[in-house]
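The values are calculated or read from the model by the stated rules, or taken from the named source; none is laboratory data. The structure presented is a predicted model; accordingly, all values stated were derived computationally and were not measured. Using ideal geometry, Cβ is built from the backbone for each residue, glycine included, and neighbour counts are taken over all protein chains shown. SASA here: full protein model, heavy atoms, side chains in, ligands and nucleic acids out. Shrake-Rupley method; radii C 1.70, N 1.55, O 1.52, S 1.80 Å.
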Amino acid sequence: MKLGLAFGGGGARGAAHIGVLMELERLGLWPDIVTGASIGGFVAALVAAGLRPPDLVHAFQNLRAARIYALPGRRPALVSNRRLEALLVNKIGRPTFAGLSIPLAVTTVDLVARQEVVLEEGDVVSAVLATTAFPVVLPPVEREGRTLIDGGVLNNTPFDVARRLGADYVLAIDLSNSAPFGTPVVLPPGSTFLAYLLSLTQRQPLYQALSTVADILTAQNVQAHLALTPPELFLQPAIGTVGYFDFHRMEEGIAAGRAAAQAVEATLVELARRRDEERETR
């Protein structure tokens, strides 16, 4: 039985993926196939390269705004992806998909053809830069004659791709379960001045409206795929008011992921038992 994990996009909310992985590891489960979009593609690539939850925590600590954003130069975006690329190379080197420990695929969108493009061959780092190219914020990536952006635009939680790669049991982690519009943003104790400034922005009705609209569109995107190729297990961590750029709220995201996995622990324990039994009979 091959376990496939599909990691959804959602910016800083992706810390919830780490929480889910922590619980899976505790229960003796680890994926055989991983797919992802946007931040989910980032996490999936690190897992496919052999990184474990402590390594992922360290990677997320380095995704904070002061460390990752650089001036864009002439590229069509608010910031450059140079530091993100450097972080990826530091963590996993320059592998190809064929050289990874676990099969990986990430979703992107071709700006010219206006269609989904699944990347599963060639250079991994450029593929991750493409799937995380959040429109306007990070620049599109030119790859094999295509201009690629964030895969979450068309397939934000690619559980269908995990199935196509050969997963018998697919666990999908969707990150659109946010707090209702108008929910006050409460900062955790000991927050930095940067976190305070970001929270001021998030308290504005305009930001909250845009964030809610993004979640609505993402939910519709995911529901359309659920109708076609539903996963065996679909998790939606309650990420509350954690925003797309709130990497300083990593601990909240991790806690949400752990809680979502713990809520279905009986199912996961049974899955681990079934997989162990199958391996013993081979």
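Summing Cβ point charges (Lys, Arg +1; Asp, Glu -1) relative to the Cα centre of segment 140-181 gives a dipole of roughly 60 debye. Qualifying chymotrypsin sites (Phe, Trp or Tyr not before Pro) in segment 110-186, where qualification requires a DSSP coil assignment and no more than 15 other C-beta atoms within 10 Å, comprise 181. Estimated at the nearest 10 Å², the accessible area of residue 273 is 100 Å² with a 1.4 Å probe. For segment 1-68, trypsin sites (Lys or Arg not before Pro) are listed when DSSP marks them as loop and at most 12 other Cβ atoms sit within 10 Å of their Cβ; the list is empty. Report note on the peptides 99-110, 123-134: ranked by the mean count of other C-beta atoms within 10 Å, highest first, their order is 123-134, 99-110. Distances between every pair of Cα atoms in segment 230-281, grouped in 5 Å steps from 0 to the bin holding the largest one, split as 4, 17, 20, 16, 15, 11, 8, 5, 3, 0 percent. When you restrict to C-alpha pairs under 8 Å that are six or more residues apart and normalise by the size of segment 88-175, the relative contact order lands at 27 percent. These residues, 22, 250, go from largest to smallest accessible area, 1.4 Å probe, as 22, 250. Nonpolar atom fraction for segment 1-159, defined as the carbon and sulfur part of the 1.4 Å probe accessible area, stands at 53 percent.
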